[in-house]
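Only one structure is covered here, and it is reproduced in the block below.
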Amino acid sequence: MIGGGAVEAYVIVPKDPKAVEMEKELFDPPRGKSKDSPEYRNAVMRIYGVPTDEPIKVVFVPAEKFIVPSELPTLKLLPKEKNWTQLKTIYWFAPRVMFGASVVGFMLVIAWIILRKKSAKAAAPPAA
């Protein structure tokens, strides 16, 4: 369910706004390359900052944090400000949390059964 809300984005080390404006004016798309090519995508990412190699899937990131370049609207860039919650982190923690919760639940059921048996033995009906 959490994975459905994940967004795939490239993390970049952002440039300052003046440098981005200058890079936009000087942008020359790679010749003979389509907008779907990795060369074009990397050229667009270099306008906004220093790109990483591969995209990551992140969760719990507000939409206003993403940069959507006008040169390639299908691309989502995420400025490297702090450690964003990655989907693979959630996938790593989820089974461990579920296992821990099931162990605690099992122990609580055992304790409830033991306490119920003790209370039933202690309360004998009065003799008439």
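The values are calculated or read from the model by the stated rules, or taken from the named source; none is laboratory data. Just so it is clear, the model here is predicted, and its values are computed rather than measured. Don't worry about glycine lacking a Cβ; one is built from the backbone with ideal geometry, like all the others, and counts go over all protein chains shown. Ligands, DNA and RNA are excluded from the accessible area calculation, which covers all protein heavy atoms including side chains. Shrake-Rupley method; radii C 1.70, N 1.55, O 1.52, S 1.80 Å.
Only one of (1) at negative phi; (2) outside any helix (DSSP H, G or I) is not met by residue 41, so which one is it? Only one criterion in (1) at negative phi; (2) outside any helix (DSSP H, G or I) is unmet by residue 41, namely (2). Exactly one residue out of 39, 8 is in contact (Cβ under 8 Å) with a residue 40 or more places away in the chain, touching a Pro at 6+ places or on another chain (Cβ under 6 Å) and surrounded by fewer than 15 Cβ atoms within 10 Å (Cβ to Cβ), and it is 8. Out of everything in the range 11-36 that is open to solvent by 60 Å² or more (accessible area, probe 1.4 Å) and among the small types (Gly, Ala, Ser), what residue ends up being farthest from residue 73 (Cα to Cα)? The residue in question is 32. Summed over the range 55-78, residues that are open to solvent by 50 Å² or more (accessible area, probe 1.4 Å) and either touching a Pro at 6+ places or on another chain (Cβ under 9 Å) or not polar (S, T, N, Q) (or both) total 9. Residues that are touching a Gly at 6+ places or on another chain (Cβ under 9 Å) and either in a loop (DSSP other than H, G, I, E, B) or closer than 22 Å to residue 41 by Cα (or both) within the range 66-112 comprise 67, 77, 79, 80, listed in sequence order.
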